[in-house]
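The values are calculated or read from the model by the stated rules, or taken from the named source; none is laboratory data. Treat the numbers as computed from the prediction; the structure is a model and nothing was measured. Positions of Cβ are backbone-derived with ideal geometry, glycine not excepted, and every protein chain shown enters the neighbour counts. Each accessible area value is taken on the protein alone, full model and side chains, heavy atoms only, with ligands, DNA and RNA left out. Shrake-Rupley method; radii C 1.70, N 1.55, O 1.52, S 1.80 Å.
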Amino acid sequence: MITVSKTASGEPLFHLRAGDASYAFSVFHGFLLHLYCGPAVADDDLEYLLVRVGHDSVVPRPSDTPEGWFSLDIAPQEYPAYGTGDYRPSALMLRHGEGSAVAQGSAAVSLRYVSHEIVPGKPSVDSQPAVYANDGEADTLIVTARDPSSGLTVRLYYTAMRALPAVIRRAVIDNTTPAPVTLERVYSASLDFAVMTEPAELLHLWGTWGRERHTERTPLAHGSVSVSSRRGASSHHHNPFAALVSASADETHGTAVGLSFIYAGNFEILADTDPFGSVRLMAGIEPTDFSWLLGPGEAFVTPEAVLSISGEGLGKMSRTFHRLYREHLCRGEWRDRERPVLVNNWEATYFRFDSDKLAAIAKDAADCGIEMLVMDDGWFGCRNDDRSSLGDWFVNEDKLPGGLAPLVQRVRSLGLKFGIWFEPEMISPRSELFDRHPDWALHTEGRPLSVARSQYVLDMTRSDVRDWLFGALSSVLSSAPIDYVKWDFNRNLTEAASLSLPPERQGEIQHRYVLGLYDLLERITRAFPHILLEGCSSGGGRFDPAMLYYSPQFWTSDDTDAMERLDIQLGTSFVYPPSSISCHVSASPNHQTGRATSFVTRGHVAMGGAFGYELDLTKLSDEEKDLIRQQVKDYHRYYALINRGDFYRLILPSDTVNGKTGSCAAWMTVSEDRSEALVTFVVIRGSIHPVYFLKLEGLDPDAVYEDEGTGARYGGSTLMHAGLNLAKNWRDGESAVIHLIKAPEEGL
Ligand code: DGJ
């Protein structure tokens, strides 16, 4: 619901209610001033929250604003523009072109409110991933502001979800001036928390290859704290997410405002603290290698930024993201369909496989109840290692005699679905494609091209390259009944220039690359709607909301070690729903860490997300195959609970439990009606006489729950306040899964 009232001076005050959160701002002398973002508050005249104290005599103010306290440098703003007295980081920075009413080459912009409109639901966004919502599920406020001197217009979109405390923002820059403008920085959202009532921290997800999305909390200091990517992809190193949290906030208490950016490319999320303690939180395309020439009459639409607002800690912030992304971002036939349990041959064979080997794995897979075989890298061109053939998307008949169809037929005759790996955006210098089209690689004329994994990146800004890719992929996908595609991306962009654009537009390349990627993904998902698309980027190097719009699940990390996965999967869960977190049981000792972990624990950890296997089934013992049969059964039994339940992090590996840090981890999912729950507890480092009282969350306090394994019964309130008693001498890597079912009324 969005209400518009009038301030004392008769200007509009907007109060967006999203679920149990409020977001408010008002117009003051034409400026859009942020008032509040947090747990729901009454429809009061929230303009009283403006701090009307002049802080600094050297700070200028716009000449048509009242003398006294007002200055853009301290005013809490909604979309600060550069050059007219706000010296903090700006959301908008541009240069006016020839023919402008203001000096050519100048940068100043001053945005003033013009009008607003409220529409039911959420207007759709063209050619970019975006949250979707029907009328009745959301309301959208569109505020138009203009720079009176140049005539430039900015539209700010705010969608308030009705059932979720989430506000989705984006900006549209309309060049309503007679001259071109060059955009140099266009952020999607910015909001100023005027005064933090408690010390605040920025929680974010850092990592690297094989070590993605580890949590870190950084205290805010005066100046900026930011996370970003300049790699051409959202990256392993920082995820396009950060949360402003009160220092005392934990999973269940305290304020947390999560900001997640729906973009697969360069991004920045920044928290800037000014000398008066006001914090500006913003998200947008990282500006280092960004500029955009916007002709008169043209519009630039930013990616979306999502705010998840919680007054009840980090757990609730995450559950809001989970629900929003699961139900209002992921799309397609597989959004709600039960995903097949798959076996992927990467860690089973790497590049050394042929049809017979894959058929043998498929035979054992069928025998164990696994439902799909995924053929990974190495099936095309002459690719027997990672040094050639990307771009040569035709079958290597030395490995797969007769092509794809006979192999797919063999696999399907065993009752399994078939999936295949591609890395569409890449080209190997040793490939037929590169021999024919060396200019298709993204490159800078006159400069040597950097290599990574012996490959270059295709110029996705070019429509001829995308058309060719669409044809090449389509012909493979039409050549046999294929149910799944793993879309990999194994290196970042360098020397990003393109012959397709004139010199003054070279700053557009990185963003146009991402738009080109979206275009290809959209065409493929439309042409093959039955295909389950799984995103991948050397593991989870592009695990972001934009990719989830096309692929409802993403390969989480190339580190498949169950203990390492605890940090990775639980870190990922801060933003992304379990249904999107692809997790496989792999071999022991693990290929990445050499650590041995029991089959049971590997299964328990992998069941934290989209479940599968990644090992040579033909080498397993009968006992291990029996365990797979049981795991597959369990996974189907708990599918709805794991994938549609509410997710609670109970213990992170970084937590200190009874004096020991890094000793265990635990999480649980609870069905929406709270009638059942699944608790997973993993001991990383066993010790003697450990005491683990595991306090649960999200249960019905008045209900009685039965532990299905032991038959023990507990009150919901007991489980949440006193906890499960898990004291025993746990071994390294041991784990337990506890299924709790609401008992019939008769009680304890
Ligand atoms: C990186 C992926 O993360 C792996 O799972 C595998 O598909 C390899 N690429 C293949 O080259």
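Among all residue pairs at least 6 apart or on different chains, which show Cβ distances below 7 Å where the first residue, located in the range 631-648, is aliphatic (A, V, I, L, M) and at pLDDT 95 or above and the second is assigned to a helix (DSSP H, G or I) and open to solvent by less than 20 Å² (accessible area, probe 1.4 Å)?
Val632/Cys368; Ile642/Pro578
For the range 629-670, what are the residues that are of a type in the set (D, E, K, R), within 21 Å of Cys330 (Cβ to Cβ) and in a helix (DSSP H, G or I)?
Result: Arg644, single match.
Look through the range 369-387, keep the residues that are away from the ligand (no atom under 13 Å from the Cβ) and closer than 19 Å to Leu615 by Cα, and return whichever of them is most open to solvent (accessible area, probe 1.4 Å).
Among them, the one singled out is Glu371.
Open to solvent by 70 Å² or more (accessible area, probe 1.4 Å), more than 16 Å from the ligand (Cβ to nearest atom) and modelled with pLDDT of 95 or more: does that describe Asp439? Step through it out loud before you land on a result.
Working: open to solvent by 70 Å² or more (accessible area, probe 1.4 Å): no; more than 16 Å from the ligand (Cβ to nearest atom): yes; modelled with pLDDT of 95 or more: yes.
Taking the combined requirement at face value, the residue does not satisfy it.
With Leu433, Leu404, Leu390 as the choices, which residue is within 13 Å of the ligand (Cβ to nearest atom), open to solvent by less than 40 Å² (accessible area, probe 1.4 Å) and touching a strand residue (DSSP E or B) at 6+ places or on another chain (Cβ under 7 Å)? Walk me through how you get there before you give the answer.
Details: Leu433 fails: within 13 Å of the ligand (Cβ to nearest atom); Leu404 fails: within 13 Å of the ligand (Cβ to nearest atom).
Result: Leu390 is the single residue among Leu433, Leu404, Leu390 that is within 13 Å of the ligand (Cβ to nearest atom), open to solvent by less than 40 Å² (accessible area, probe 1.4 Å) and touching a strand residue (DSSP E or B) at 6+ places or on another chain (Cβ under 7 Å).
Mind listing whichever residues of the range 379-390 are under 22 Å from Leu617 (Cα atoms) and in contact (Cβ under 8 Å) with a residue 40 or more places away in the chain?
Trp379
Within the bounds of the range 549-570, is there any residue that is over 30 Å from Lys633 (Cα atoms), open to solvent by less than 10 Å² (accessible area, probe 1.4 Å) and either at pLDDT 95 or above or under 16 Å from the mean Cα position of the chain (by Cα) (or both)? Full working, then the answer.
To start, the set of residues in the range 549-570 that are over 30 Å from Lys633 (Cα atoms) comprises none.
No - not one qualifying residue is present in the range 549-570.
Could you tell me which residue of the range 23-39 is surrounded by the fewest Cβ atoms within 10 Å (Cβ to Cβ), considering only residues that are in contact (Cβ under 8 Å) with a residue 40 or more places away in the chain and within 16 Å of Pro165 (Cα to Cα)?
Result: Pro39.
Take the residues in the range 139-157 that are free of Cβ contacts under 8 Å to residues at least 40 places away in the same chain and not hydroxyl-bearing (Ser, Thr, Tyr), then tell me which one is least open to solvent (accessible area, probe 1.4 Å).
Ile142
Hey, among Pro545, Pro481, Pro502, Pro529, which residue is crowded, with 20+ Cβ neighbours inside 10 Å and of a type outside the set (Phe, Trp, Tyr)?
Pro545
Every residue in the range 321-344 that is within 16 Å of the ligand (Cβ to nearest atom) and of a type in the set (A, V, I, L, M), please.
Matches in the range 321-344: Leu342, Val343.
Where in the range 517-628 are the helices (runs of 4 or more DSSP H), entirely inside, with at least 2 residues that are within 16 Å of the ligand (Cβ to nearest atom)?
Fully inside the range 517-628 and qualifying: 562-572.
Any residue at all in the range 90-104 that's at positive phi, modelled with pLDDT of 95 or more and in a loop (DSSP other than H, G, I, E, B)?
Checked against the condition, which is being at positive phi, modelled with pLDDT of 95 or more and in a loop (DSSP other than H, G, I, E, B), the range 90-104 yields at least one hit.
Could you list, in sequence order, all residues of the range 481-514 that are within 16 Å of the ligand (Cβ to nearest atom) and of a type in the set (Phe, Trp, Tyr)?
The answer is Tyr484, Trp487, Phe489.
Report, by residue number, each residue of the range 700-739 that is farther than 16 Å from Leu678 by Cα, open to solvent by 60 Å² or more (accessible area, probe 1.4 Å) and of a type in the set (Ser, Thr, Tyr).
Within the range 700-739, Thr718 is the sole residue that qualifies.
Would you point out which residue out of Gln506, Gln510 is part of a helix (DSSP H, G or I), without any contact (Cβ under 8 Å) to a residue 12 or more places away in the chain and closer than 22 Å to Tyr456 by Cβ?
That would be Gln506, the only listed residue that is part of a helix (DSSP H, G or I), without any contact (Cβ under 8 Å) to a residue 12 or more places away in the chain and closer than 22 Å to Tyr456 by Cβ.
When residues of the range 345-368 are filtered for being farther than 16 Å from Lys619 by Cβ and either within 14 Å of the ligand (Cβ to nearest atom) or open to solvent by 30 Å² or more (accessible area, probe 1.4 Å) (or both), how many remain? Talk me through it step by step, then tell me what you get.
Going residue by residue through the range 345-368, those that are farther than 16 Å from Lys619 by Cβ are 351, 354-355, 366.
Those still in the list that are either within 14 Å of the ligand (Cβ to nearest atom) or open to solvent by 30 Å² or more (accessible area, probe 1.4 Å) (or both) too: 351, 354, 366.
Summing the residues that are farther than 16 Å from Lys619 by Cβ and either within 14 Å of the ligand (Cβ to nearest atom) or open to solvent by 30 Å² or more (accessible area, probe 1.4 Å) (or both) in the range 345-368 gives 3.
Give me the pairs: first residue in the range 158-175 and within 17 Å of Pro129 (Cβ to Cβ), second residue open to solvent by 10 Å² or more (accessible area, probe 1.4 Å) and part of a strand (DSSP E or B), beta-carbon distance under 6 Å, and six or more apart or on different chains, which are they?
Qualifying pairs under 6 Å: Arg170/Tyr157; Val172/Arg155; Val172/Ala299; Val172/Val301.
With respect to Lys357, determine if the residue is out of contact with any Asp or Glu (no Cβ under 6 Å at 6 or more places or on another chain) and charged (D, E, K, R).
The answer is yes for Lys357.
Suppose we filter Val457, Val451, Val465 for residues that are among the β-branched types (Val, Ile, Thr), surrounded by 23 or more Cβ atoms within 10 Å (Cβ to Cβ) and either free of Cβ contacts under 8 Å to residues at least 12 places away in the same chain or within 16 Å of the ligand (Cβ to nearest atom) (or both); which single one remains?
Sole residue among the options that is among the β-branched types (Val, Ile, Thr), surrounded by 23 or more Cβ atoms within 10 Å (Cβ to Cβ) and either free of Cβ contacts under 8 Å to residues at least 12 places away in the same chain or within 16 Å of the ligand (Cβ to nearest atom) (or both): Val457.
Looking at the range 505-519, is at least one residue touching a helix residue (DSSP H, G or I) at 6+ places or on another chain (Cβ under 8 Å) and open to solvent by 10 Å² or more (accessible area, probe 1.4 Å)?
Yes, because at least one residue in the range 505-519 is touching a helix residue (DSSP H, G or I) at 6+ places or on another chain (Cβ under 8 Å) and open to solvent by 10 Å² or more (accessible area, probe 1.4 Å).
Please indicate, with yes or no, whether at least one residue in the range 408-429 is of a type in the set (Phe, Trp, Tyr), touching a helix residue (DSSP H, G or I) at 6+ places or on another chain (Cβ under 9 Å) and open to solvent by 10 Å² or more (accessible area, probe 1.4 Å).
From the range 408-429, those of a type in the set (Phe, Trp, Tyr) are 418, 421-422; that's our starting set.
Narrowing further to those that are touching a helix residue (DSSP H, G or I) at 6+ places or on another chain (Cβ under 9 Å): 418, 421-422.
Those still in the list that are open to solvent by 10 Å² or more (accessible area, probe 1.4 Å) too: none.
Within the range 408-429, none of the residues are of a type in the set (Phe, Trp, Tyr), touching a helix residue (DSSP H, G or I) at 6+ places or on another chain (Cβ under 9 Å) and open to solvent by 10 Å² or more (accessible area, probe 1.4 Å).
Tell me which of these Ala727 doesn't satisfy, since it passes every other one: (1) under 17 Å from Thr601 (Cα atoms); (2) at pLDDT below 95.
Against the list (1) under 17 Å from Thr601 (Cα atoms); (2) at pLDDT below 95, Ala727 comes up short only on (1).
Could you tell me which of the residues Gly311, Gly332, Gly315, Gly295 is touching a residue at least 60 places away in the same chain (Cβ under 8 Å) and closer than 26 Å to Leu416 by Cβ?
The unique qualifying residue is Gly332.
Being of a type in the set (Val, Ile, Thr) and assigned to a loop (DSSP other than H, G, I, E, B) is the filter; apply it to the range 123-141 and report the residue that is modelled with the lowest pLDDT.
The qualifying residue modelled with the lowest pLDDT is Val125.
Is it true that Ile642 is of a type outside the set (Gly, Ala, Ser), buried (at least 21 other Cβ atoms within 10 Å of the Cβ) and touching a Cys at 6+ places or on another chain (Cβ under 7 Å)?
The answer is no for Ile642.
Could you go through the range 706-722 and let me know if any residue there is under 21 Å from His253 (Cα atoms), polar (S, T, N, Q) and in contact with a Phe, Trp or Tyr (Cβ under 7 Å, 6 or more places away or on another chain).
First, pick out the residues of the range 706-722 that are under 21 Å from His253 (Cα atoms): 716-722.
Still in the running and polar (S, T, N, Q): 717-718.
Retained after the next criterion (residues that are in contact with a Phe, Trp or Tyr (Cβ under 7 Å, 6 or more places away or on another chain)): none.
No: zero hits.
Listed here are the residues, each with its yes/no results for (1) free of Cβ contacts under 8 Å to residues at least 12 places away in the same chain; (2) out of contact with any Leu (no Cβ under 7 Å at 6 or more places or on another chain); (3) among the aliphatic types (A, V, I, L, M).
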| residue | (1), (2), (3) |
| --- | --- |
| Thr218 | no, no, no |
| Ala256 | no, no, yes |
| Phe261 | no, yes, no |
| Glu268 | no, yes, no |
| Ala283 | no, no, yes |
